[in-house]
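J.: I'd like to ask some things about the structure below.
Each value in this text was obtained by applying a stated rule to the coordinates, not by laboratory testing. As the structure is a prediction and not an experimental result, all values here were calculated from the model. FYI the Cβ positions are ideal-geometry reconstructions off the backbone, even for glycines, and counts take in every protein chain you see.
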Amino acid sequence: MESTHLSQAVQFIFAGLTSGSIYALVALGFNMIYNVTLVVNLAQGEFLMLGAMTMISLYSGFKLPLPVALVLSTLIVGCVGILFDRFAIRPLKKPSIMLLILLTLGGSTFLKGVALLIWGKDPYTAPTFTKLKSISFLGASFSPQMLWIIGTLVVVSFVLWFFFERTLLGKAMRACAENPRAASLMGVNVKTFVMISFFLGGALGAVGGMLMAPVSFMVYDEGTMMGLKGFASAVLGGIGSYPGAVVGGLVLGLLESLSTGYVSSIFKDILAFVVLLLILVIKPTGLMKRSDE
Amino acid sequence: MIRAVPYLLFALFIYLLPALLAGSYWIHVLVIIGTYVIAATGVDLVVGFAGQLSLCQAAFFALGAYASAILTTTYHVDPMLALIIGMIFTGLVAYGVGAPVLRLKGYYLAIATLGFGLIIQSCLVTFASYTGGPDGFRDIVPLRMAGYIFKTDEQYYYPIWTVAMLILLLTRNIARSKVGRAMLALRGDDVAASAMGVDIARYKIQAFVLSAMYASLAGGLYAHSNRFISPQMADLSRSVEMIIMAVLGGIRTVFGVLIGTTIMKSIPEVLESFLDYQMVVTGAILIVLLLYMPQGLIGVVRAAVARLRRGGER
């Protein structure tokens with residue numbers, strides 16, 4: 001009896017960590033773009049969807065080897081990120097927060113529409129990256145894809161943190177957000193760095209989507225919800241903070257899976273937003289305050 | 001008096017239009033446009049005048065629609081009374097949400113209202129025993145006034161457009177009153193407005209609650225005239241669409257809302273195979289609009305006229 005309780009709990013925790021890692025990856029993408037441009041990109045979820053869909057098409061449709069499909073999709077969606085900046089954000093003459101929100105929402109709608117035209121309304125899925133049967137641990141079983149997902153999150157979050165906090169190039173990119181004019185006077189090419197940040201934002205989104213594709217179904221409008229949950233994670237951890245994004249994503253994923261497992265599945269999808277509203281009203285700076293504030 | 005002429009001419013045009021279109025499908029489209037004009041006017045008030053980006057207007061629209069549908073069809077309340085109860089209910093909900101949320105600014109406000117909209121949509125799907133769940137609510141009782149039952153689109157046309165024009169008139173008057181000037185002040189710079197003695201919290205809440213009540217009224221009228229509603233109408237994409245309606249023609253202008261709503265609701269009718277392209281086109285319109293014509297179509301025309309005049313003087 002005890003052991004079934006334990007294995008059930010372990011199962012819920014694994015499920016929560018898996019979805020939480022994806023939220024964290026989306027949140028990292030948000031923060032990545034935000035820290036360089038101060039744009040909160042509401043199309044981040046669409047990058048995720050595009051990454052998954054492109055990968056599935058290249059792998060299952062064009063029969064490319066999996067590693068090639070993964071790399072190619074990451075590059076393609078990264079380029080979508082660059083185009084997104086070039087056509088939807090950069091032409092804005094007098095940026096205001098309201099205009100930027102609406103522009104990224106417009107971009108999100110546009111990308112969703114493009115995906116609908118290319119892939120239709122059918123759900124797609126991908127095979128797991130490693131051809132292993134499910135792994136057992138403490139009586140619970142989980143897909144080997146989970147290791148890929150959590151492993152990628154660990155690597156990506158460490159690399160981002162190291163790059164932006166410890167390298168000169170990373171600090172120069174952050175300077176673009178702090179004070180674009182001063183940064184450009186110091187020899188920082190702000191436009192190029194903004195472009196790079198959108199490329200990386202798109203690539204990060206794609207990575208999250210490709211990791212998620214084997215363990216769930218992907219539809220053209222699946223990205224919106226994932227994007228918003230990722231955003232909720234970013235707010236939960238404190239916008240702009242990389243450790244915060246990871247903590248926020250994992251907390252949200254665990255909250256969702258534990259409440260679904262032990263209470264009811266009815267409110268699974270809105271739990272994120274109830275938490276988000278509470279955090280915004282009670283402590284808008286998030287759980288983890290930014291180090292430089 | 002002279003100023004009233006365009007408005008009177010417009011009202012005359014609206015009332016004569018059905019005669020020109022007798023029996024045409026466009027009456028149906030115009031009824032839909034009329035209901036959305038009411039909702040988009042609310043968006044103009046809260047986003048355009050008060051400068052508060054609310055991304056849950058479609059949720060208020062849905063709340064009004066479901067309140068009306070459930071009260072009349074399930075509990076047999078008189079439709080007129082149900083519309084009013086729906087508006088009061090939605091107004092109270094907006095007050096409850098707005099009081100804490102409107103203290104937020106920028107991204108946080110947008111995300112909070114967006115999250116609230118999703119919660120409403122999810123509740124409409126979840127509480128299926130009241131709302132019909134994801135399949136929607138069917139066979140809603142038609143509107144009834146003093147024993148007269150409204151059935152056809154022609155019959156709905158006059159009451160809906162009368163309400164729409166009254167709402168436009170009311171909003172125009174609010175905009176030109178002390179309240180409207182206060183709202184404009186907090187849109188420009190709420191710190192400065194506050195320093196000048198404008199009670200910014202009060203005006204933000206007023207704009208938000210009033211816009212929610214407009215949306216609720218529009219939703220209720222839509223529920224009765226369409227007789228079918230679904231949780232999809234609370235979707236974020238619908239809130240975005242309402243913002244485009246308010247911005248496309250020209251924000252903060254009566255005729256701008258009319259033009260914007262007419263265009264947004266006519267496009268799908270003109271292009272029949274539009275359904276698949278709807279999202280691409282909506283997204284593209286929003287981006288082009290914000291980047292290249294922030295003052296909307298009226299702004300483009302004004303700029304062109306100004307250029308012509310300057311050219312003539314030379």
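J.: Kirkwood Rh over alpha-carbon pairs of region A:45-180, then Stokes-Einstein at 10 °C and 1.306 mPa s: what D in µm² s⁻¹, rounded to an integer? Don't skip to the answer; put the middle values down first.
T.: On the way: Rh = 18.1 Å.
Here the translational diffusion coefficient equals 88 µm²/s.
J.: Now, a different point. Using each residue's phi in region B:83-93, evaluate 6.51 cos²θ - 1.76 cosθ + 1.60 at θ = phi - 60° and report the 3J(HN,Hα) Karplus result to the nearest Hz, with x for Gly and Pro.
T.: Once θ is set to phi - 60°, the couplings for region B:83-93 become 4, 5, 4, x, 5, 5, 4, 4, x, 5, 4 Hz.
J.: Determine the gain in length on full extension of the stretch B:F127-B:L12; use 0.36 nm per residue of separation and subtract their C-alpha separation, reporting nm with one decimal. Present the calculation step by step, with values, prior to reporting the outcome.
T.: Numbers: separation 115, 0.36 × 115 = 41.40 nm, distance 4.41 nm.
Gain on stretching B:F127 to B:L12: 37.0 nm.
J.: So, one more: Taking a cut-off of 15 Å between Cα atoms, list the aspartates and glutamates near B:K265, but don't count ones fewer than 8 places away on the same chain.
T.: Cross-link targets: B:E241.
J.: Which of the peptides B:247-253, A:5-11, A:162-168 is most tightly packed, and how do the rest follow, going by the mean number of other Cβ atoms within 10 Å of each residue?
T.: Working: B:247-253: 23.4, A:5-11: 14.7, A:162-168: 12.4.
Packing order, densest peptide first, comes out as B:247-253, A:5-11, A:162-168.
J.: Still on this structure: Going 7 Å from the Cα of A:I135 in the Cα-to-Cβ direction, what parts of region A:240-265 have a backbone nitrogen less than 19 Å from that spot?
T.: A:250, A:254
J.: Shifting gears a bit: For chain B, what relative contact order do you get, as a whole percent, if you take Cα pairs closer than 8 Å and at least 6 residues apart? Walk me through the numbers before you get to the answer.
T.: Details: 459 pairs, mean separation 99.4, N = 314.
It rounds to 32 percent for chain B.
J.: Taking amide H positions as placed 1.01 Å from N in the peptide plane, with prolines and chain starts having none, which residues 5 or more places from B:G51, or on another chain, fall under 5 Å of its amide H?
T.: Counting only residues 5 or more places away or on other chains, the set is empty.
J.: In region B:216-258, which residues have a backbone nitrogen under 15 Å from the label point lying 7 Å from B:D135's Cα in the Cα-to-Cβ direction?
T.: In region B:216-258, the label zone of B:D135 (backbone N under 15 Å from the point 7 Å along Cα→Cβ) covers B:228-231.
J.: Tell me the Kirkwood radius of region B:25-313: reciprocal of the mean inverse pair distance over distinct alpha-carbon atoms, in Å. Don't skip to the end; give the middle numbers.
T.: Details: mean 1/r = 0.0515 Å⁻¹.
Value: 19.4 Å, from the Cα pair sum.
J.: Now a separate question. If you rank B:T152, B:T261, B:T73 by fewest surrounding Cβ atoms within 10 Å, what's the result?
T.: Working: B:T152 12, B:T261 29, B:T73 20.
Lowest to highest Cβ neighbour count: B:T152, B:T73, B:T261.
J.: Taking the simple approach of a point 7 Å from Cα along Cα-to-Cβ for both B:A192 and B:A19, what is their distance in nm?
T.: 5.0
J.: Check which residues have an amide H placed less than 5 Å from B:I229's amide H, if you skip close sequence neighbours.
T.: So B:I229 has HN proximity to B:F137.
J.: Using 18 Å as the Cα-Cα cut-off, could you pick out the over-long pairs in A:K94/A:K191; B:K178/B:K204; A:K93/A:K191; A:K229/A:K268?
T.: Values: A:K94/A:K191 16 Å; B:K178/B:K204 14 Å; A:K93/A:K191 14 Å; A:K229/A:K268 11 Å.
In this structure, not one pair exceeds 18 Å between Cα atoms.
J.: A follow-up question, please. Efficiency by 1/(1 + (r/R0)^6): what FRET value for A:I266 and B:F255, r their Cβ-Cβ distance, R0 = 51 Å, to the nearest 0.05? Before the final figure, lay out each step's value.
T.: Numbers: r = 45 Å, r/R0 = 0.88.
Plugging the Cβ-Cβ distance into 1/(1 + (r/R0)^6) gives 0.70.
J.: If only Cα atoms are counted, what is the Rg of chain A, and what is its Dmax, in Å?
T.: For chain A, the Cα-based Rg and Dmax read 19.0, 68 Å.
J.: Here's something else I'd like to know. Under a point spin-label approximation (7 Å from Cα along Cα-to-Cβ), what is the A:F87-B:M293 distance to one decimal in nm?
T.: 1.9
J.: A further question on this structure: Between B:G117, B:G86, B:G147, find the one with the highest GNM mean-square fluctuation for chain B; connect C-alpha pairs within less than 10 Å.
T.: B:G147
J.: Based on DSSP H runs of at least 4 residues, each adding -39500 (n - 2.57), what is the mean residue ellipticity at 222 nm of chain A after dividing by all its residues, to the nearest 500 deg cm²/dmol?
T.: Working: 11 runs with 205 residues, N = 293.
Taken over chain A, the calculation gives -24000 deg cm²/dmol.
J.: On to the next question. What list of ³J(HN,Hα) values in whole Hz, one per residue of region A:30-36 in order, does the Karplus curve 6.51 cos²θ - 1.76 cosθ + 1.60 (θ = phi - 60°) give from phi, with Gly and Pro shown as x?
T.: Taking θ as phi minus 60°, the curve returns 4, 5, 4, 6, 4, 5, 9 Hz for region A:30-36.
J.: Mark the label point 7 Å from the Cα of A:L185 along Cα→Cβ and return the residues of region A:92-111 whose backbone N is within less than 17 Å of it.
T.: Residues passing the 17 Å test: none.
J.: Under a plain spin-label model, where a point goes 7 Å from the Cα along Cα-to-Cβ, how far apart in nm are B:L169 and A:T125?
T.: The two pseudo-label positions are separated by 6.0 nm.
J.: If you take the charge dipole of region A:191-293 about its Cα centre, with +1 on Lys and Arg Cβ and -1 on Asp and Glu Cβ, which of A:T285, A:A272, A:L250 is farthest toward its positive end?
T.: A:T285
J.: Tabulate in residue order the Karplus-calculated ³J(HN,Hα) for region B:144-160, using 6.51 cos²θ - 1.76 cosθ + 1.60 with θ = phi - 60°, rounded to whole Hz; enter x for Gly and Pro.
T.: Here the 3J(HN,Hα) series is 9, 9, 6, x, 8, 9, 8, 10, 7, 4, 4, 5, 7, 3, 5, x, 5 Hz.
J.: What does the highest-first list of B:10-21, A:92-103, A:183-194 look like by mean Cβ count within 10 Å? The partial results should precede the final answer.
T.: Values: B:10-21: 13.1, A:92-103: 17.1, A:183-194: 15.1.
Going by the mean number of other Cβ atoms within 10 Å, highest first, we get A:92-103, A:183-194, B:10-21.
J.: Using only alpha carbon positions, build the gyration tensor of region B:226-314, then give the equivalent ellipsoid semi-axes as the square roots of 5 times its eigenvalues, largest first, whole angstrom.
T.: On the way: eigenvalues 186, 36, 29 Å².
Taking √(5λ) for each eigenvalue gives 31, 13, 12 Å, largest first.
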